[in-house]
Every structure is written in structure tokens, then in C-alpha cells.
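Working notes for the structure below.
The values are calculated or read from the model by the stated rules, or taken from the named source; none is laboratory data. These numbers were taken from a predicted model, which means no experiment stands behind them. Here Cβ is always computed from backbone atoms with ideal geometry, including for glycine, and neighbour counts include all displayed protein chains. Protein only, heavy atoms only, side chains kept; ligands, DNA and RNA dropped before computing areas. Shrake-Rupley method; radii C 1.70, N 1.55, O 1.52, S 1.80 Å.
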Amino acid sequence: MTLNASLAVLMPLTSLYGTALNPAARSLICTLKLALEHVNTRNASIVPELANLRPGFSMNYTLLDTRLSAPVAVDLFINYLFESRELADGVPRAVLGPLFSEIAKPTALLAGAEQVPMVSYRASAPELVQLLRLSL
């Protein structure tokens, strides 16, 4: 049985005015690509547990450029949710990011409504903890 999970990655790649990719984003994207390559090839050289993943499991990702803007992030994330829902029922989905609390608040509400787990690697607003408790 094949199971292809979908990961939405919400991160600022450019500014609202379209300036170039920042070096920190480039580093995070390279890290993400390497990590997913290790998952998909069962490369256990760094994370030994990857060798135990069930056969047929793989992950893909979609980069969503938040452009440091909550309205932009919400629009992109809504489109991702609708498209990923329509691709195939039962496909596991998850969200990584966004970077800042002001963008994480509205996207966390959307993720919760769709029952899609979301992990933000830097957002720390107390309201996000409340959103988590409400969704449990």
C-alpha cells in the first residue's frame, strides 16, 4: 500500500515587495529537502528510526511564501487546503511554520478547522497555546 503524505511549509521566502530569497530561507529549504530525501529513501544515517518506516510511505512538500504577511499566508494556505483535500481523501497532511506568531494565529485556526497538525518552529504567542487547548 502506498501512502504519500503532504507537508505545507509556510515560510517567508521573499518580502511583501518581492525582494530576493534571503540566505536563512535558502538554508531552511536545503535542510527540508535533505530531510525529506532521507525520509523517502529510508536513509537512516542521521535518524536511525527512518529505517523502520513502513514500505510505501513517502512525503512531498509545498512551499508557501508567506512574504511576511498574514493575509498572503492565509490566502495561500486556504488554496493549499482545498487542493490537497481534493487530490485524494485520506492523504495525511501537516503544516510546518509559519515563522511569526502574527501569521501563525490565523493559519492555526484554519489548520485546526481542517484537523491538520501544525508545528511552528518559532511562533510563541500565548494565544497559540489557547488555540491548541480549544482544538483538543
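Here are the numbers:
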read-out	value
Subset of the stretch 59-95 [exposed (fewer than 14 other Cβ atoms within 10 Å of the Cβ), closer than 22 Å to ALA35 by Cα and either touching a Pro at 6+ places or on another chain (Cβ under 8 Å) or without any contact (Cβ under 8 Å) to a residue 60 or more places away in the chain (or both)]	ASN60
Matching entry among LEU68, LEU87, LEU16, LEU64 (being within 27 Å of LEU128 (Cα to Cα) and either of a type in the set (Asp, Glu) or touching a strand residue (DSSP E or B) at 6+ places or on another chain (Cβ under 9 Å) (or both))	LEU64
Residue match in the stretch 17-40 (condition: within 11 Å of the chain's Cα centre (by Cα) and at pLDDT 90 or above)	yes
Condition check for LEU28: within 19 Å of MET118 (Cα to Cα) and aliphatic (A, V, I, L, M)	yes
So ALA35, is it without any contact (Cβ under 8 Å) to a residue 12 or more places away in the chain and within 17 Å of TYR121 (Cβ to Cβ)	yes
Residue in the stretch 1-17 that is nearest to SER58 (Cα to Cα), counting only those that are touching a residue at least 12 places away in the same chain (Cβ under 8 Å) and open to solvent by 30 Å² or more (accessible area, probe 1.4 Å)	ASN4
Any chance GLU114 is touching a helix residue (DSSP H, G or I) at 6+ places or on another chain (Cβ under 9 Å) and of a type in the set (Asp, Glu)	yes
Given (1) open to solvent by less than 80 Å² (accessible area, probe 1.4 Å); (2) in contact with a Leu (Cβ under 8 Å, 6 or more places away or on another chain), index of the condition VAL47 fails	(2)
Within the stretch 73-106, tally of residues that are within 11 Å of the chain's Cα centre (by Cα) and hydroxyl-bearing (Ser, Thr, Tyr)	1
